[in-house]
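First up is the structure itself, then whatever we jot down about it.
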Amino acid sequence: MIDRATVDQILDTADIVDVVSDFVSLRRRGANWVGLCPFHNDRNPSFYVSRSKGICKCFSCGKGGSPVNFIMEHEQLSYYEALKYLANKYHIEIHERELTDDERIQQTEREAMLMLNEWVCQFFEAQLHTQSGEEIGGAYLAERGFSEATIKKFRLGYSPEDRTALYTAAVRQGFNRELLFKLGLCKDDGHGGGYDFFRGRVMFPIFNVAGKVIAFGGRTLKNDPAKYFNSPDSLVYSKRESTMYGLFQAKREIAKQNKCYIVEGYADVISMHQAGFENVIASSGTALTEGHIHLIHRFTQNVTEMFDGDDAGVHAALRGVDMLLAQGLNIKVLLLPPEDDPDSFARKHNTTEIEQYIEQNEEDFIRFKTHVLLNGAENDPIKRAAAIGEVVKSIAVIPDAITRSVYAKECSGRFGIEEETLLREIQKHLDKNREERYKQRERERRRKEAGLPAVDPQNEQQPESQPE
């Protein structure tokens, strides 16, 4: 970790005009500097830089901040990475706190895991271009319409049917078999050897925001009960926190468009990217967590969730969105035609057709929820009251008071209820939510005092296992 004195030196030394000028052509305007915003398609200079205040800001899209904020946003780096970037620019020697023995062991193991994952990714990529790989994995990818450029972009691969193909190759290469087991790539056979976990599957590497391979998803090409297997949690990967599928490939476009689309699966992301929508990411079949939302928030506040247009898709669209609203994100919903998912829809239509469909069918989440819940409930007072209660719950989690007030005004007209009544109900939920947060903090404090993890591990989802 970088020590406090070095951080202060970096922050004191970094000149905002100097930093921004590496990426933006600036010209003097009075006491400030101005240029075209690097975060959106800016035709008229709206990006202002103030040396005296040490900040920059686009008065069109709102992006900006300190030198560290600018580098984090522009280069898609973490706070720590941005500090190192600026230290290198200004030739500041990094003084890091000495790691404890346990931290040093974990860091060494983490680096070894990343190195192994990268080698395994290359192994799967190479296997895709063998005869059996092309006949099986390549045929599947061709059937999905994935181009060679798309396959390379997402580094798709193939895991052979051979029970020990990866295990044998990795051990011969000198990799630690225990790391193969910890990463879920192989299983211990109980006789001093191992066998491959992902066998006969098309492989989808999962990257962190910096582009390091941290996990894998594998799709079966047979009629196996489990269509997808995914890596278990490890030192380098957490399903709840680490990343979202496609974020590494999508982050620049998300920041540029100031918007992202969330879909469900790997193929959905890949097909949408190939169709020209490169700001699409996936939850990979898991529920969104606060960790995922914080990742999204680094790049945009505007999120559209895409769902299948059938009844299951409608119900899915109503679940889990309140967590996004609670983090101050602007949420829209896009229902596809009933017969389609994002993958099939992207393969059926060209870019212009998809753009037109989005423009005509994308809907604000609160309006969408209101429409769905009131549908068929107009003449049923009990259902109507329940629907109003559910919409009020969603409005109440929105952190911005003005936004809550706007929704309350709009919904009062839609529901035929006085605005004051809705505002009182919203306030009740605000008070209840505040009390729940306090109780949660108290539970976490007590668990910490007892030496227990903040989250009960028994509630964590267990990794899938492949039969021998």
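Only one entry of Lys57, Lys53, Lys63 meets the criterion of being of a type outside the set (Val, Ile, Thr), modelled with pLDDT of 90 or more, farther than 20 Å from Pro205 by Cβ and not assigned by the TED database to the domain that holds Ser159, and that entry is Lys57. In the set (1) at negative phi; (2) within 17 Å of the chain's Cα centre (by Cα); (3) not aromatic (Phe, Trp, Tyr), Arg319 fails one condition alone, (2). Only one of the numbered conditions (1) small (Gly, Ala, Ser); (2) in contact (Cβ under 8 Å) with a residue 60 or more places away in the chain; (3) crowded, with 17+ Cβ neighbours inside 10 Å is violated by Ala170, and that is (2). Under the condition of being of a type outside the set (D, E, K, R) and either out of contact with any helix residue (DSSP H, G or I) (no Cβ under 7 Å at 6 or more places or on another chain) or part of a loop (DSSP other than H, G, I, E, B) (or both), the residues counted in segment 65-87 number 8.
For segment 137-156: of the residues being outside any loop (DSSP other than H, G, I, E, B) and charged (D, E, K, R), which is farthest from Gly276 (Cα to Cα)? It comes out as Glu143. Within the span defined as segment 198-221, one or more residues are among the polar types (S, T, N, Q) and either in the same structural domain as Gln274 (by the TED database) or crowded, with 16+ Cβ neighbours inside 10 Å (or both).
Thr370 - would you say it is within 18 Å of Lys393 (Cα to Cα), of a type in the set (Val, Ile, Thr) and in contact with a Cys (Cβ under 7 Å, 6 or more places away or on another chain)?
yes
Checked against (1) farther than 21 Å from Val303 by Cα; (2) assigned by the TED database to the domain that holds Asn279; (3) not β-branched (Val, Ile, Thr), Leu336 passes all but a single condition, namely (1).
Looking for something surrounded by fewer than 18 Cβ atoms within 10 Å (Cβ to Cβ), outside any strand (DSSP E or B) and modelled with pLDDT of 90 or more - is there at least one such residue anywhere in segment 94-103?
For segment 94-103, residues surrounded by fewer than 18 Cβ atoms within 10 Å (Cβ to Cβ), outside any strand (DSSP E or B) and modelled with pLDDT of 90 or more: absent.
Segment 271-338 holds strands (runs of 3 or more DSSP E) entirely within its bounds, and those carrying 2 or more residues that are under 20 Å from Gln360 (Cα atoms) map to 302-307, 330-335.
Mind telling me which of the residues Arg414, Arg367 ends up being within 25 Å of Ala316 (Cβ to Cβ) and touching an Asp or Glu at 6+ places or on another chain (Cβ under 9 Å)? Don't jump to the end; show me each part of the working.
Working: Arg414 fails: touching an Asp or Glu at 6+ places or on another chain (Cβ under 9 Å).
None of the other options fit; the residue is Arg367.
Identify the residue in segment 279-297 that is touching an Asp or Glu at 6+ places or on another chain (Cβ under 8 Å) and surrounded by fewer than 21 Cβ atoms within 10 Å (Cβ to Cβ) and, among all such residues, is modelled with the lowest pLDDT. Out of the qualifying residues, it is Gly285. One residue stands out among those in segment 138-161 that are within 13 Å of Phe198 (Cα to Cα) and modelled with pLDDT of 95 or more: the one that is surrounded by the most Cβ atoms within 10 Å (Cβ to Cβ), which is Tyr158. Residues in segment 22-39 that are part of a strand (DSSP E or B) and small (Gly, Ala, Ser): 1 in all. Counting the residues of segment 213-246 that are under 20 Å from Ile136 (Cα atoms), in contact (Cβ under 8 Å) with a residue 24 or more places away in the chain and assigned to a loop (DSSP other than H, G, I, E, B) gives 2. Within segment 145-160, residues that are without any contact (Cβ under 8 Å) to a residue 40 or more places away in the chain sit with their Cβ atoms under 9 Å from residues that are of a type outside the set (Lys, Arg) and buried (at least 16 other Cβ atoms within 10 Å of the Cβ), at 6+ positions apart or across chains, in these pairs: Ala149/Gln274; Ile151/Glu125; Ile151/Leu128; Ile151/Gly138; Ile151/Leu141; Ile151/Gly157; Ile151/Ile270; Lys152/Glu125. One residue alone among Arg404, Arg384 is assigned to a helix (DSSP H, G or I), closer than 21 Å to Leu318 by Cα and over 29 Å from the mean Cα position of the chain (by Cα), and that residue is Arg384. Screening Phe204 against (1) modelled with pLDDT of 95 or more; (2) out of contact with any helix residue (DSSP H, G or I) (no Cβ under 9 Å at 6 or more places or on another chain); (3) of a type outside the set (Gly, Ala, Ser); (4) under 26 Å from Val280 (Cβ atoms) leaves a single unmet condition, (2). Condition (residue is in contact with a Phe, Trp or Tyr (Cβ under 9 Å, 6 or more places away or on another chain), surrounded by 20 or more Cβ atoms within 10 Å (Cβ to Cβ) and not polar (S, T, N, Q)) applied to segment 349-363: is it met by at least one residue? No.
Does segment 341-364 contain at least one residue that is outside any helix (DSSP H, G or I) and not acidic (Asp, Glu)? Within segment 341-364, one or more residues are outside any helix (DSSP H, G or I) and not acidic (Asp, Glu). Selection over segment 247-267 of residues that are buried (at least 20 other Cβ atoms within 10 Å of the Cβ), among the charged types (D, E, K, R) and part of a loop (DSSP other than H, G, I, E, B) gives a count of 1. Restricted to segment 53-82, and to residues there that are in contact (Cβ under 8 Å) with a residue 12 or more places away in the chain and of a type in the set (Ser, Thr, Tyr), the residue that is farthest from Gln9 (Cα to Cα) is Ser60.
Pairs meeting the criteria (first residue in segment 197-212 and part of a strand (DSSP E or B), second residue among the charged types (D, E, K, R), beta carbons under 6 Å, at least 6 apart or on different chains) are Arg201/Arg219; Val202/Arg219; Pro205/Arg155.
The values are calculated or read from the model by the stated rules, or taken from the named source; none is laboratory data. Since this is a predicted model, take the numbers as computed values, not measurements. Every residue, glycine among them, receives a Cβ derived from its backbone with ideal geometry; neighbour counts consider all protein chains shown.
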